[in-house]
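Only one structure is covered here, and it is reproduced in the block below.
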Amino acid sequence: MSARIIDGKAIAADIRQEAAEAVRTLVAAGGPRPGLATVLVGEDPASRVYVGSKQRACEELGIESFGHHLPTTASQAEVEDLVCSLNADQRVHGILVQLPLPAGLDEERVLNSISLEKDVDGFHPLNIGRLAQKGRDPLFIPCTPHGALVLLERSGATLRGANAVVLGRSNIVGMPMALLLVRNDATVTICHSRTSDLPAVIRQADILVAAVGRPEMVRGDWVKPGAYVIDVGINRVEDATRPKGCRLVGDVAFEEVKEVAGAITPVPGGVGPMTIAMLMHGTVEAAKRTAISN
Ligand code: NAP
Ligand code: L37
C-alpha cells in the first residue's frame with residue numbers, strides 16, 4: 001500500500017494563517033507590530049532565494065521585515081555591529097542570520113552576539129543548551145527541526161516510546177532534531193557519516209528524519225513498513241526533461257520509499273515550507289513576549 005503523503009504546504013499554510021491571526025490580535029490590543037530582521041551575507045544563490053521567501057512571508061502576514069544584505073567581503077566587526085544595532089532596535093523582535101556565512105567569518109561569534117530574546121532561529125548557544133537540558137525551555141527552537149516536529153504532530157504520529165532515527169548531526173538540523181524528539185519521549189538514534197550498517201539502523205525506525213544532503217540516499221528496502229518518513233533534504237539534480245534543466249529531490253528515494261512507509265513528506269512541498277512558517281510563528285511569539293514584559 002502506498003504511504004499517506006504529508007502535505008507540508010497545507011500544514012505550513014495553516015501555521016501561517018494562525019500567525020497572521022495572532023498578529024491582528026496583538027496589534028488590535030495595542031501591542032507592537034512584529035518585526036523580523038534578516039541578515040544575508042554574500043551571494044549564495046540558495047540563501048538569497050530562502051531569505052526572499054522569508055521576507056515575502058512577513059509581508060503577507062502583516063509582519064514588518066527589515067532586510068540587510070552585506071557583501072561577501074564584510075568583516076567580522078561589520079556583521080557583529082549590524083547585529084548589535086538590530087539588538088537595540090525596538091521595531092525588531094526577531095533576528096535571522098542566514099547560514100552558511102562566507103568563509104572567514106566566525107559563525108559562533110556572530111550567533112553569540114544575537115540577543116537571546118531575538119534569536120528566532122534558536123541557534124544561540126544558550127537556546128541550544130536549554131533545548132538539550134531536562135526541565136529547561138529554550139526561548140526559540142530552530143525552525144527546520146521545529147517544522148519537522150509539527151509535521152509529525154499534525155499528521156498523527158505517536159512520538160512517546162517510538163524508535164526515532166535522525167540521519168545527520170548538523171547544528172542546524174540533525175542535532176536539534178534529535179534533541180526535540182528526545183524531549184518528546186522518543187528513543188533516539190543519531191546517524192552520521194561514520195555510522196556502520198546504516199540500512200540496518202534505519203530499518204529499526206518508527207520515525208525517520210533524513211537530513212544528510214545526499215540525493216535519494218535512503219532506499220525503499222531501508223525503511224520499516226508503516227514508518228513515518230520526514231525528508232529534510234533539498235538537493236538540486238540535473239534533469240534534461242525540465243525547462244530549468246534541473247529539479248529538486250530529497251535525501252529519500254521518494255518513489256521507492258512511499259511504497260513501504262506509512263506516511264512520507266515530499267520534496268518540494270514538505271519540510272521547506274514549514275521552515276518558513278515556523279520562523280513566522282517564532283517572530284510573532286517574540287513580539288508577544290515584549291508586549292507582556294512592557
Ligand atoms: P550538513 O551540515 O552537510 O550535515 C550533513 C550530515 O549528514 C552530517 O552530520 C554528515 O555526517 C551526515 N552525512 C553526510 N553524508 C553521509 C553519509 N553518506 N552517510 C551518513 N551520514 C552522512 O547538512 P545540513 O545543513 O544538516 O542539511 C542537510 C540537508 O537538509 C541538505 O540537503 C539541506 O539542503 C537540507 N536543509 C533543508 C532545510 C529545509 O528547510 N527543508 C533547511 C536546512 C537544510 P558527519 O557529521 O559525520 O559529517
Ligand atoms: N532559519 N533556515 C534558517 N536559518 C538558516 O541559517 N540556512 C538556514 C535556514 N535554511 C533554510 O531557510 N532552508 C530552507 C530550505 C528550503 C525552503 C525554505 C528554507 C523552501 O521553501 N523549499 C521549498 C522549495 C524551494 C525551491 O523551489 O527552491 C520546498 O517546497 O521544499
For 152-161, 218-227, ranked highest to lowest by mean beta-carbon neighbours within 10 Å, the order is 218-227, 152-161
Which three lengths, in whole Å and largest first, does region 72-166 cover when its Cα atoms are put on their principal axes?
-> 47, 30, 23
When all C-alpha to C-alpha distances in region 233-294 are sorted into bins of 5 Å, what percent of pairs does each bin hold, rounded to whole numbers?
-> 4, 15, 15, 15, 14, 11, 8, 7, 6, 4, 2, 0
A correct Karplus calculation of ³J(HN,Hα) over region 114-127, with 6.51 cos²θ - 1.76 cosθ + 1.60, θ = phi - 60°, whole Hz and x for Gly and Pro, returns 6, 4, 3, 5, 10, 7, 4, 7, x, 8, 4, x, 5, 5
Helix axis angle, 76-88 relative to the chain longest principal axis, alpha carbon, degrees | 70 degrees
Between region 246-294 and region 67-96, the Cα center-to-center distance that results, in Å = 26 Å
Aspartates and glutamates whose Cα lies under 19 Å from that of Lys134, excluding same-chain neighbours fewer than 8 positions away = Asp185
Crossing angle, helix 45-61 versus the chain [Cα axis fit, 0-90 degrees, rounded to tens] = 70 degrees
Specify the angular offset, from 0 to 90 degrees and rounded to the nearest 10, of the alpha carbon long axis of helix 8-28 from the longest principal axis of the alpha carbons in the chain.
-> 20 degrees
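Looking at the P(r) of region 1-150, how many percent of alpha-carbon pairs lie beyond 19 Å?
Working: 6592 of 11175 pairs.
Cα-Cα pairs of region 1-150 separated by over 19 Å account for 59 percent.
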In region 62-118, what is the volume of the convex hull around the alpha carbon atoms, normalised per residue and reported in Å³?
-> 81 Å³
Spin-label point model (7 Å from Cα, Cβ direction): what's the Ile292 to Ala240 distance in nm?
-> 5.9 nm
Using the Cβ atoms and a cut-off under 15 Å, what net charge is assigned to the surroundings of Glu216, where Lys and Arg are +1 and Asp and Glu are -1?
-> -3
For Cys246, enumerate residues with amide H under 5 Å from its amide H, sequence gap 5+ or separate chain, H modeled in the peptide plane.
-> Asp239
Distances over 29 Å make up what percent of all Cα-Cα pairs in the chain?
-> 36 percent
In whole Hz, what ³J(HN,Hα) sequence does region 171-176 give by Karplus (6.51, -1.76, 1.60; θ = phi - 60°), x for Gly and Pro?
-> 5, 8, 10, x, 5, x
Nearby lysines by direct alpha-carbon distance to Lys258 (threshold 17 angstrom, same-chain neighbours under 8 apart not counted) = Lys224
How would you rank 57-64, 128-135, highest first, on the average number of other Cβ atoms within 10 Å across their residues?
-> 57-64, 128-135
From phi via Karplus (6.51, -1.76, 1.60), per-residue ³J(HN,Hα) for region 137-143 in Hz, x at Gly/Pro | 10, x, 6, 9, 10, x, 4
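Can you pull the semi-axes for region 176-225, root of five times each eigenvalue of the Cα gyration tensor, sorted largest first, whole Å? Walk me through the intermediate numbers first.
Details: eigenvalues 68, 34, 22 Å².
Gyration-tensor ellipsoid for region 176-225: 18, 13, 10 Å.
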Consider just the alpha-carbon atoms of region 1-78 and return their Rg together with their Dmax, both in angstrom.
-> 16.8, 56
Built amide H within the under 5 Å cut-off of Ser65, gap 5+ = Leu36
A student asked for the Cα radius of gyration and Dmax of region 178-280 in angstrom ought to give 14.3, 45
Express in whole angstrom the spacing between the alpha-carbon centres of region 145-172 and region 1-28.
-> 18 Å
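Each value in this text was obtained by applying a stated rule to the coordinates, not by laboratory testing. Every value quoted in this text rests on a predicted model; they were computed, and no experiment measured them. So basically every Cβ, Gly included, is an ideal-geometry build from the backbone, and we count neighbours across all protein chains shown.
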